[in-house]
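Heads up: the structure comes next, in structure tokens.
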Amino acid sequence: MTAPTSASQKLVTAPFRFTVNGQPVEAAVPGGRRLLDVLRLDLGLTGSKEGCGEGECGACSVLLDGEVVDSCLVPVCQVEGREVRTVEGLATGGRLDPLQAAIVEAGGVQCGICTPGMLMAGRAFLDSGNAGAAPTSAAPTDAAIREAIAGNLCRCTGYGRIVEAIRLAAEGRVSTMSAPDAMAVPLAGADRRLLDLGDPEAETPRTLAEAYALLADGGRRPLAGGTDALVERTAGVPGADRYLDLAALDALLGIRVLDGALILGAATTYAELRRDPLIAEHASVLAEMSAEVGAAQIQNRGTLGGNIATASPAGDSLPVLLALDAEIVVGGVRGERTLPAASFFPAYRRTALAADELILRIRIPLVPDRTVAFRKVGTRRAQAISVVVLAVAWRWQNGLWRDVRVALGSVAPTPIRARATEAALEGMPPTARVAAVAAATLAAEITPIDDVRSTAVYRRTVAGRILHRIVRDAAGW
Ligand SMILES: Cc1cc2nc3c(=O)[nH]c(=O)nc-3n(C[C@H](O)[C@H](O)[C@H](O)COP(=O)(O)OP(=O)(O)OC[C@H]3O[C@@H](n4cnc5c(N)ncnc54)[C@H](O)[C@@H]3O)c2cc1C
Ligand code: FES
Ligand code: FES
């Protein structure tokens, strides 16, 4: 089979056209080139820094259509037609942005490596409407500011002064400061030499039929938010050198209720799950889970479909989907099929997806009166891979547990349902004795390993304790 090539198929290809700080630019580069490289190497905008290249440090943060993202994890094909704002675009009319002035006043800069990224994360927060605006709204809390910059590392000043600067800017308590001339950096001219970085090409199909045909043709790797795929590339993990960019497939978007189920497009991001009213109404546990994934930059880009396809035993959404009895709808040239989440993860980092199939959507049956509890234990508050992640779903019937689901991640080679533990709770009252039996059953049932993040013993102990606490909290004793 050959890939479609006719003009009617309208694949998005280079040159990619978008705006940077209000100026239109064209990038005639492979679509898999990182936005960070386009900014720094092709356009000469070196304000955004490369620290880790893996989404951990936030030094490369820029705004994409107003949302903060790590530019080291964004392929340029996904910037087509969009608006990029970098630190060079903050100062306008010869004046520093109030947040830049505030960070100077608060003494929030030492070596300056983290500063551009901090400014962009802070600016996104101030523009989000969640930061309050003096004098009418309450000032943002410390916790809200710290959450906004949780994806940005600073090894020098400590975070206190940076938090203070964001608060000063939110409250409008900043003097105006003129911007030094050097900050008005022009975009590089058209004669700038483009470097060959060996970037993958990318194709951006507009319809599922085009996507299926390209996938069936082979040699292409689907790409959603890129927060796993681009990290792997930076880390040198071998893979296809051609991306099948899913960003223009409307069929993968959207959250809706249909025929008694919540339907989530595979390209739904964690940020969308956090703010969507249907999620709040029908499956608020998904919003709770999403708030624990990475930090703002990852939540704005990472998708549910990407988490499922990566199939990491530590993937945070996977125990939740198992506990909710989710079904995963996949599609390809041979048509669509629906698979229960419980049989979607057959082995370590493997899925039931065929090489020529895409994850299209996730179907979650709506169950009246269902309660779902979610707990994630990581090594730190943000950007932490789970040490143990657990989701428990149940209904009460005459004071007894019914339809119990206990699902975990990071305790076995795949995300699992703990069936023996479910049986220990099913039909039982939520007493202290039942909680103890269930916790002991769980600790015995899981098969965790020692690794860099934790030990098997700790994981067994903590999984049992979390479950014990969930039973206790549910019963209120
Ligand atoms: C700093 C950092 C922090 C992170 N923190 C967390 C965390 O706390 N919890 C957590 O669970 N994960 C975390 N992750 C991992 C990652 O963000 C998630 O797994 C995310 O959901 C991946 O989604 P994506 O859209 O970015 O996937 P991509 O990187 O685009 O794709 C990942 C894989 O899925 C495939 N794929 C994507 N979409 C589809 C589809 N529709 N059909 C078929 N295949 C598809 C791709 O081919 C690729 O193999 C973190 C990553 C980083 C870099
Ligand atoms: S360089 Fe560290 S997050 Fe991009
Ligand atoms: S000022 Fe040096 S890393 Fe933050």
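No value in this document is a laboratory result; all are computed from the given coordinates. Model, not experiment: these values are computed from the prediction. Counting neighbours? That spans all protein chains shown, and the Cβs are built from the backbone with ideal geometry, glycine included.
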Mean-position separation - Cα centroids, segment 374-416 and segment 199-231, in angstrom: 32
Global geometry of segment 98-181, whether rounded, prolate or oblate, following the gyration tensor of its Cα atoms and the 1.5 cut on a/c: oblate
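Just check the chain against the gyration tensor rule for me: Cα atoms, a ≥ b ≥ c as the square roots of the eigenvalues, rounded for a/c under 1.5, and otherwise prolate or oblate depending on whether a/b exceeds b/c.
Numbers: a/c = 2.10, a/b = 1.33, b/c = 1.58.
Note, shape of the chain comes out oblate.
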Relative contact order (percent, whole number), the chain, Cα cutoff 8 Å, 6+ residue spacing: 12
5 angstrom amide H check on Gly378, placed H, neighbours 5+ away: Val387
Length-normalised contact order of segment 201-245 in % [C-alpha pairs under 8 Å, at least 6 apart]: 60
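Report relative contact order for segment 197-273 in percent, whole number only (criteria: Cα-Cα under 8 Å, sequence separation at least 6).
The value is 34 percent.
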Gained length - Asp259 relative to Ser175, 0.36 nm times residue gap less alpha-carbon distance: 24.6 nm
Segment 278-317 versus segment 81-119: alpha-carbon centroid distance in Å: 30
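Would you mind calculating the gained length between Thr92 and Trp396 on full extension (0.36 nm times residue separation, minus the Cα-Cα distance), in nm to one decimal?
Details: separation 304, 0.36 × 304 = 109.44 nm, distance 5.86 nm.
Net length gain for the segment: 103.6 nm.
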The chain: angle of helix 208-217 to the longest principal axis, Cα-based, in degrees nearest 10: 90
Net charge dipole size for segment 350-467 [Lys, Arg +1 and Asp, Glu -1 on Cβ; Debye, nearest 20]: 360
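Please give the FRET efficiency for Asp127 paired with Asp241, using the beta carbon to beta carbon distance and R0 = 60 Å, rounded to the nearest 0.05. Show your work: numbers first, answer last.
Working: r = 37 Å, r/R0 = 0.61.
E(calc), rounded to 0.05, equals 0.95.
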Rg/Rg_ref, segment 233-329, where Rg_ref = 2.2 N^0.38 Å and atoms are Cα: 1.11
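With +1 on the Cβ of every Lys and Arg and -1 on the Cβ of every Asp and Glu, and nothing else charged, how large is the dipole of segment 201-245 about its Cα centre, in debye rounded to the nearest 20? All intermediate terms of the calculation are to be shown ahead of the outcome.
Numbers: 5 positive and 8 negative charges, 8 e Å.
Rounded to the nearest 20 debye, it is 40 debye.
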Spin-label proximity, Glu336 to segment 254-278 - amide N less than 16 Å from point 7 Å beyond Cα toward beta carbon: 254-268
Per-residue [θ]222 nm for the chain (sum of -39500 (n - 2.57) over DSSP H runs n ≥ 4, rounded to 500): -8000 deg cm²/dmol
Whole-Hz ³J(HN,Hα) from phi, Karplus 6.51 cos²θ - 1.76 cosθ + 1.60, for segment 292-297, glycine and proline x: 9, 8, x, 9, 3, 4
